[in-house]
Amino acid sequence: MIKNKKLWGSMLSLVLCGSLLAGCGSDTSSSATTGDGSTQANVEKIVFAMPSFNRIPDDVSKVKDAINAITIPKIGVEVDFNLYGPADYAQKVNLALQSGEQMDIFTTLGQFTNYVSKNQVYPLEELLPEYGKELTQILEKDFGPNLLKSTTMNGHVYGIPVNKGMSLPTNIVYNADMLKEAGYSADDIQSLDDLPAIFEAVKTKNPEVIPFGPINVNPSDTNLMLSLKGMYKVDFLSDTTGIGVVVGDDGKVRNFYETNEFKNGANRMREWFNKGFLEKDAATASIAFSDTVASGRGFSFLGGYSGMEAAKALSAQTGKNLEMKRLVPYYFDTSAVNLVSWMVSSTTEVPEASVKFLNLLYTDQELINTILYGIEGEDYVKVDEHHVKFPDGLDASTVPYTAMLSTGIVGSESLQYQLEGVNWSDVELKLKENKDTERSPYFGFIFDPSEVKTQMSAVTNVVNQYLPALVTGVLDPDPMIFKFVQALNDAGAEDIIASKQKQLDQWMAEQQK
C-alpha cells in the first residue's frame, strides 16, 4: 500500500537540533544515560530517518527515549529518531545528504538505484558479517538465500530489504454488501473475466456507484501493469518506465508497450471504460479511489497485497465492509524486493554503529514495536503474544503516537505486533509465500541507467503523458499505442533498450561463472 501516493499525508515539521549537525563539528561518540539512569561511556550517535503514514505528533521525545533505553544498553548506540511524512521524506533525506547534515540510516522508497548512482550509500558487505550476522540469518530464514542479491551492485551490498510479505498478488478489493445486493458472492469471482458481469449488476442495482477504479494512475503503480506483470511473467528490469522488459525467459529486452500483452490489457480497460465501469476522468482523477469507496460511491479496485487479510485493514480505513479475492499470482523481480530497503549514508561517520542498529531493528521485538506502536499503556495495549489494540477511547488519530501503517517498511514482520483481529497465521503465510512465489530468472539484476539518463528523463515524460489514459481506458488503444510507441522511440527508448540488453547479457554471463 505504500506505493499509493494518494495515501501520503502532509508532514508536521520537526526541527533538527543544531548539535546533531555533522557540518557543525558535532561528535558522534559520547556518554549517554541508560534506561536505569546510569551513565554509559563511548556511546555512538546515529540519525535514523523513518517515514510514517500516520499522523506525526509534534513531540516524539518519549518514544525516542524509549528507543534509546533499548539501544544504548544493548549495542551502545544512541538514536536520534526523525519522523517524516512520506510525501516529504525523500526531499528531507536528500537535503540532509547534500548539505552535510548527519543522516546515517534512511530507506529507499523506490529510489534504490538513484541513491547508488549518486554515490550516496555506504557498502555494507564488509560490515554485515561482524555487525549484522543475526540480521542476515533472519532474512535467509524468512525469505530464502540470495535476498541481498537484490541490493547488490558492482559487487557491493548497498541496502537491507525490509523483511515483510513481499509477494503481492493482484487482488480485487470490493464492497461485500454491494456484491451481495447485486446477486453475487465471492465464489463468482475467479478471474478478471468474471468482473464485467458483476460490474454490470452493481451498476444496475446502484446507478450512482462507480463499479471500478484504479487506486491511482501513477504509471509505475497502475492496476493494469500490476496484473500484467503476474499474468505474463514480466520482469521490468529494475525501472518503472516499462521500457526494456523481459517477458518470459528468452532474455530479449523489448519495449513493453509494443507487446501483445500490453495491447490486450489496454483493450480490456477500454472495453470496461466504454461500458461505464470507470469514471470518465479516471486518468486525471485527483481523489484516490479508496476514498471514493469510503464515500459509498465506489465498488471495487485492484491492488497488490500480501497475505489474505488486507481487506480487514482496508475496511477499518474506509468504514465499509470490504473483502478481497486473489486474481493474478505474483512474480518476483528484483525491484519487488529492493523497493523498500534500508541504507546507510556514504557520509556517515559511524558505519559500524549504523549496522549494529539495523541488526537490532530486524531482530529485537521490543525495539521494532516501540518504533511502530510507541509506549505500552499509553499508545497501545497488549492483547496477547502477537496482538495489540489502542487504549480504550482512543484510535490511530487520537493516541499520542503510532506508526502502525509503517509496519511494511520497518524490520521483520515476524517480530511485529498485529492489531487485534488480524489472524497471526496470515503473517506466517506471507513469509511462506516469499519463499514459494516464482522468481524471475533475472532476479538480482539491477539496471544502471547512468549512461542513458537523458533518454530516461525524456521517456518518463512520454510515459506520464500517455500511459494513465491508456491503462484506464480513456484512450482508444488502436491508434494511441502506435503514437505512444513512436513518441517513446523519438525520446530515446531504443537507446535504453540497448543499454539494458548489454547490461543484462553481461549479468547473465557472470551468473554462469
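Things worth noting here:
- Among (1) at pLDDT 95 or above; (2) touching a helix residue (DSSP H, G or I) at 6+ places or on another chain (Cβ under 8 Å) - the single one LEU470 does not satisfy: (1)
- Any hit, the stretch 396-408, residues being assigned to a loop (DSSP other than H, G, I, E, B), open to solvent by less than 20 Å² (accessible area, probe 1.4 Å) and without any contact (Cβ under 8 Å) to a residue 40 or more places away in the chain: yes
- Once the stretch 281-299 is narrowed to residues that are part of a loop (DSSP other than H, G, I, E, B) and at pLDDT 90 or above, the residue that is farthest from LEU195 (Cα to Cα) is SER295.
- Of all the numbered requirements in (1) among the small types (Gly, Ala, Ser); (2) touching a residue at least 12 places away in the same chain (Cβ under 8 Å); (3) surrounded by fewer than 23 Cβ atoms within 10 Å (Cβ to Cβ); (4) in contact with a strand residue (DSSP E or B) (Cβ under 6 Å, 6 or more places away or on another chain), SER315 misses one, and that requirement is (2).
- Selection within the stretch 311-360 - among the β-branched types (Val, Ile, Thr), assigned to a strand (DSSP E or B) and modelled with pLDDT of 95 or more: VAL344
- Test: residue in the stretch 245-253 that is under 22 Å from the mean Cα position of the chain (by Cα), crowded, with 20+ Cβ neighbours inside 10 Å and on the phi > 0 side of the Ramachandran plot: no
- The set of residues from the stretch 429-451 being open to solvent by less than 30 Å² (accessible area, probe 1.4 Å) and assigned to a loop (DSSP other than H, G, I, E, B) comprises THR437, SER440, TYR442, PHE443, GLY444, PHE445, ILE446, PHE447.
- Candidates in the stretch 15-63 are the residues that are crowded, with 19+ Cβ neighbours inside 10 Å and in a helix (DSSP H, G or I); of these, the one that is modelled with the lowest pLDDT is ALA22.
- The set of residues from the stretch 491-513 being more than 13 Å from ASN255 (Cα to Cα) and surrounded by fewer than 20 Cβ atoms within 10 Å (Cβ to Cβ) comprises LYS502, ASP505, GLN506, TRP507, MET508, ALA509, GLU510, GLN511, GLN512, LYS513.
- Test: GLY213 is among the small types (Gly, Ala, Ser) and open to solvent by less than 10 Å² (accessible area, probe 1.4 Å): yes
The values are calculated or read from the model by the stated rules, or taken from the named source; none is laboratory data. Being a predicted model, the structure only gives us computed values, none of them experimental. Positions of Cβ are generated from backbone atoms using ideal geometry, with glycine treated the same way; all protein chains shown enter the neighbour counts. The protein model used for the area step is the full one, side chains on, heavy atoms only, and it has no ligands, DNA or RNA in it. Shrake-Rupley method; radii C 1.70, N 1.55, O 1.52, S 1.80 Å.
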